[in-house]
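Asks: Handing you this structure, nothing more for now.
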Amino acid sequence: MIGDTPLLSRVAESIYWMARYMERAENVARFIGVNLNLQFDLQLDPEHQWQPLIDTSGDSVVFKERYGLASQHNAIDFLTYDAENPNSIFSCLRAARENARSVRETISSEMWEQVNSMYLRIQANRQMPEPESLPEVFRSIRLGSHLFQGIMDSTMTHSEGWHFARLGRQLERADKTSRILDVKYFMLLPSLKDIGTPYDDIQWSAVLKSVSGFEMYRKKHGRLQPRDIVDFLVLDREFPRSLHFCIHKADESLHAITGTPMGAFQWPSERLTGLLRAELDFMSVEQILREGLHEHLDLLQAKMNAIGQGLSEDFYAWTPEELAAASSKSGT
Amino acid sequence: MQFAHYKTDGFYDEMFDAEGVARPEARLLLETVESLGEGQMQRCQRAAERLLLQLGITFNVYGDSAGTERIFPFDLIPRILRAEEWTWIERGLKQRIRALNAFIDDIYHDQKILKDKIIPEEVIRSAIFYRPQCIGINPPRGVWCHITGTDLVRHGDGQIYVLEDNLRVPSGVSYVLENRDLMKRTFPQIFEGLHVRPVDDYPSKLLETLESIAPPSSWQKSQKPTVVVLTPGMYNSAYFEHSFLAQKMGVQLVEGRDLVVLDGFVWMRTTKGLRKVDVIYRRIDDDFLDPKAFRADSLLGVRGLVDVYRAGNVALANAPGNGVADDKVVYAYVPDMIRYYEGEDPILPNVPTFLCWRDQDRQHVLQNLDKLVVKAANEAGGYGMLVGPHSTAQQRADFADRIRAHPRDYIAQPTLALSRVPTLIEDHFEGRHVDLRPYILYGQEITIVPGGLTRVALRKGSLVVNSSQGGGSKDTWVLANDGVNGELPAQMQTQTQSTGVRP
């Protein structure tokens, strides 16, 4: 009977957000880590180097109000330890842990221990920040998140709860890849005349490293070219952080949850995901660049947000009308 | 680490006799501890504390806006119970819970015990936790107290007494399991040569108990009933335990907002619509269970739940209304209940109790406040209590006023010299007072997890063991037999060698 019992709506939502926040923490840690590394190669003024990162997180308005001009110090503080920034690494891990804590009985003990120990560690770091150990902090968060996923994949039954977690992780990952590409591309536009210079190479390799994609890109495309990089990060069929890959996995999990055959839909969220998947399946990089990368990415982000909203309406939220409807159906 | 300077200070010590000689059941443990290298004990202790934090075995501190979580301090020196003594305790607890269950059932039906004038009717009518809403309810199998956590203490005379019964929503059993696990992880050598009875099967027994009270209709179509644990939520001080038990039983942990009453049944809201719930192990007090039946302002419960329960379409554990027997005035009558319902003499004695509403008792209490422990009849957690010998004149005057104003609400007992167990204090051992809370499950049959939770008052001289007031806990060992060397069953020695090694 247990295996057949569907998840509580509240539990499904918490698992989904647990995974999203963990993935978000990992991405923010990687973005900062790469940027820290970059400063040794590029002689940019701090504002130009760190502001784009704040923009990636989508919190530039809040940041400007509180800190003004971006510097290495305040950007790292805002993105890493700031408890009032809901997307700082600290806040993400706190949220991941709170969500995990509310579903401890559903996830495996090992998963809980991992998210709990990551939270305790960042909390300790936050109380006694040591600038010289920052690269190590970011590295340990990246590894911690990978460990969390590995633990999840090998200790949790791959049933409904696991699929809700994977759904959350893939949607978050797709969103973050699109944002880093968008912001960096925007920043690089003025320097398109520099194509082929070392400066350009360093910037583009930073974009790829921000999504752990540098080595895999090299194997596939060799030289760093904007067209190929866009192709790789948006449309690649095999790279696990490309939008195409993430949306495919998300779609698979969604269908595993609902039981609807692939290519069909019963729920609005399934239709939205399927549409986005088809769009990515049949889109070409030439079309993206012709119509404008920024416009395209903006549109893709809006569609991913709509999927998130759809999931909430289809699976998590219960309105009084739905309850009444359910009661008339539940005659068993 | 040595016990050479350890003093029993005239108290009953669970590990040493009055002459300071180790009791037979503690000798092996003593040898192991004394053979440890310098600082090893403290290292194990620190490792255990770190592990508790890492595992998130914490409780929330109420009234702390930062949502601080604290660990329930754990001490590595276990409390040992001889097999023979445990057998006696177990018999006593079973007898007592049968009588208490019969009493609660009687109170909500014919009230024979009142009609026969064994207990004054006035006592029941004035009991705060008496619930007239429960009159006439017939819980499955006639069982009201499915999960009980009875508090036992040993006095200086070596005798074990029942201090209170905790029939409503007793907590702490998760620490019994976690303490044992923690011991095995941080201090495995301590088990050497001893056969300690395992406690790990508690969740299975609990699930069996809960399934045994499911409404008969839920067993149809070869399906098992759906059991859930109902928690007030993540910010409740016992949340860890709620999720722990749900996880170990493999059942859903639900909050009030996940449940809804429709068409005479209880349902939970899932991603695939509503699913029927058959048994609810509720960790919410009666008052908050159902805003329709009890407190209208409760946001934690489920509207209409008690109606479904009354109709027999859902089972609740524990049954609402149990609290009537947690009243400390009613407690004083439990030996009479045992004689009345069971026709036997009580095996486990009560602590002698003075009831302040009786004129004679009140006189005695007021004259001896400096010697007695005064307790509010309906408070728990060590609150509303006066420990006479440790009190100031002002506190005694204050309690005297309260007793005179509300004699029904107070009882008094002699100050017990609770037994002690050696406890690691910084770099040496000191005796600290303990109690014992065994957990009793009552379904198709009565089962008791061997031992239970040993709580320890960590403050020097303190008699209050509650976690909210400086208490900690210890692992509790019930020995499988009282021989010096508990023989383990022969292990399977022959195992086929693993293959598949790359040459």
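Only the coordinates and a few stated rules stand behind these numbers; no lab work does. Everything quoted here is computed from the prediction, not taken from an experiment. We place every Cβ from the backbone using ideal geometry, glycine too, and count neighbours over all the protein chains shown.
Asks: Taking only the alpha carbons of the stretch A:1-68, what extent do you get along each of the three principal axes, in Å, biggest first?
Replies: 63, 28, 12
Asks: From other protein chains only, count the Cβ atoms within 10 Å of every residue's Cβ in A:16-22, then give the mean.
Replies: 0
Asks: Something else: Just tell me which lysines come within less than 16 Å, Cα to Cα, of residue B:224; anything on the same chain fewer than 8 places away is out.
Replies: B:205, B:276
Asks: Please compute the contact order of the stretch B:353-415 in relative form: average sequence separation of alpha-carbon pairs under 8 Å and at least six residues apart, divided by the residue count, as a percent.
Replies: That works out to 48 percent.
Asks: Within 10 Å of each Cβ in peptide A:9-15, how many partner chain Cβ atoms are there on average? Round it to a whole number, please.
Replies: Mean partner-chain Cβ count within 10 Å for A:9-15: 4.
Asks: Is the shape of chain B best called rounded, prolate or oblate, per the rule: a/c under 1.5 gives rounded, else a/b larger than b/c gives prolate, else oblate, with a ≥ b ≥ c the square roots of the Cα gyration tensor eigenvalues?
Replies: Oblate, because a/c is 1.5 or more while a/b does not exceed b/c.
Asks: Only four residue types carry charge here, +1 at the Cβ of Lys and Arg and -1 at the Cβ of Asp and Glu. Report the dipole size of the stretch A:1-156 about the Cα centre in Debye, rounded to the nearest 20.
Replies: Charge dipole of the stretch A:1-156: 320 debye, to the nearest 20.
Asks: Okay, next question. How would the stretch B:171-244 be classified by its alpha-carbon gyration tensor: rounded, prolate or oblate, with rounded meaning a/c under 1.5 and the a/b versus b/c comparison settling the rest?
Replies: It comes out oblate by the Cα gyration axes.
Asks: Of the chymotrypsin sites (Phe, Trp or Tyr not before Pro) in the stretch B:342-449, which ones lie in a loop per DSSP and count no more than 16 other C-beta atoms within 10 Å?
Replies: Those that pass, being in a loop and sparsely packed, are B:383.
Asks: Using only C-alpha positions, report the orientation-averaged shadow area of the convex hull of the protein assembly as shown, nm², one decimal.
Replies: With every direction weighted equally, the projected area is 43.6 nm².
Asks: Could you state the angle between the C-alpha long axis of helix A:134-155 and the longest principal axis of the C-alpha atoms of chain A, as a value from 0 to 90 degrees rounded to the nearest 10?
Replies: Taking Cα atoms only, the helix is inclined about 30 degrees.
Asks: So what is the diffusion coefficient of the stretch B:1-137 in µm² per second by Stokes-Einstein at 20 °C and 1.002 mPa s, using a Kirkwood Rh over Cα pairs?
Replies: Answer from the Stokes-Einstein relation: 104 µm²/s.
Asks: Determine the relative contact order of the stretch B:152-262: mean sequence separation of Cα pairs under 8 Å and six or more apart, normalised by residue count, in whole percent.
Replies: Relative contact order for the stretch B:152-262 comes out at 21 percent.
Asks: Continuing with this model, one more query. Under a straight-distance cross-link criterion of Cα-Cα below 12 Å, which aspartates and glutamates are reachable from residue B:112, leaving out those fewer than 8 residues away in the same chain?
Replies: B:121
Asks: When the Cα centres of the stretch A:237-285 and the stretch B:276-318 are compared, how far apart do they sit, in Å?
Replies: If we compute the Cα centre of each part, the gap is 42 Å.
Asks: Measure up B:292/B:375; B:7/B:375; B:117/B:375; B:94/B:115; B:371/B:460; A:176/B:248 against 29 Å on the Cα-Cα distance and list the ones that go over.
Replies: B:292/B:375; B:7/B:375; A:176/B:248
Asks: Along the charge dipole of the stretch A:1-131, which of A:131, A:106, A:116 sits closest to the positive end, that is, farthest toward it, with unit charges on the beta carbon of Lys, Arg, Asp and Glu (+1, +1, -1, -1)?
Replies: A:106
Asks: Which residues' amide hydrogens lie under 5 Å from the amide hydrogen of residue B:150, considering only partners 5 or more residues apart or on another chain, with H built in the peptide plane?
Replies: B:440
Asks: May I ask you to list the aspartates and glutamates whose Cα is less than 19 Å away from that of residue A:64, ignoring any residue fewer than eight positions away on the same chain?
Replies: List returned: A:45, A:47, A:55, A:77, A:82, A:84.
Asks: Continuing with the same structure: Shape call for the stretch B:171-330 from the C-alpha gyration tensor, a ≥ b ≥ c root eigenvalues: rounded (a/c under 1.5), prolate (a/b greater than b/c) or oblate?
Replies: Taking the square roots of the gyration eigenvalues as a ≥ b ≥ c, the stretch B:171-330 is prolate.
Asks: Report Rg (one decimal) and Dmax (nearest whole number) for the stretch B:67-112, counting Cα atoms only, units Å.
Replies: 18.7, 49
Asks: OK, next. Per DSSP H run of n ≥ 4, the term is -39500 (n - 2.57); total these for chain A, divide by its residue number, and report the mean residue ellipticity at 222 nm rounded to 500 deg cm²/dmol.
Replies: -23000 deg cm²/dmol
Asks: Hey, what number do you get for chain B at 222 nm if only DSSP H runs of n ≥ 4 count, each worth -39500 (n - 2.57), divided across all residues, to the nearest 500?
Replies: Calculated from helices alone, the mean residue ellipticity at 222 nm is -7500 deg cm²/dmol.
Asks: Here's something else I'd like to know. Which three semi-axes in whole Å describe the equivalent ellipsoid of the stretch B:292-359, each the square root of 5 times a Cα gyration tensor eigenvalue, listed largest first?
Replies: Value: 33, 18, 9 Å, ordered largest first.
Asks: When the gyration tensor of the stretch B:353-415 is built from Cα positions, what are the square roots of 5 times its three eigenvalues, in whole Å, from largest to smallest?
Replies: Gyration-tensor ellipsoid for the stretch B:353-415: 15, 13, 11 Å.
Asks: Over the whole of B:244-252, what's the average partner chain Cβ count within 10 Å per residue? Rounded to a whole number, please.
Replies: 4
Asks: Can you order the peptides B:147-159, B:325-337, B:38-50 by their average number of other Cβ atoms within 10 Å per residue, highest first?
Replies: B:325-337, B:147-159, B:38-50
Asks: Based on the Kirkwood radius over alpha-carbon pairs, what value in µm²/s does the Stokes-Einstein equation return for the translational diffusion coefficient of chain A at 25 °C and 0.890 mPa s?
Replies: Reported coefficient: 117 µm²/s.
Asks: Suppose a student asked you for the relative contact order of chain A, using Cα pairs under 8 Å spaced at least 6 residues apart; what percent would you report?
Replies: 21 percent
Asks: Which percent, nearest 5, of DSSP beta bridges in chain B are antiparallel?
Replies: If we restrict to bridges inside chain B, about 75 percent are antiparallel.
Asks: Now a separate question. For the stretch A:1-156, compute Rg over Rh where Rg is the Cα radius of gyration and Rh is the Kirkwood radius from the inverse mean 1/r over Cα pairs.
Replies: The Rg/Rh ratio comes out at 1.04.
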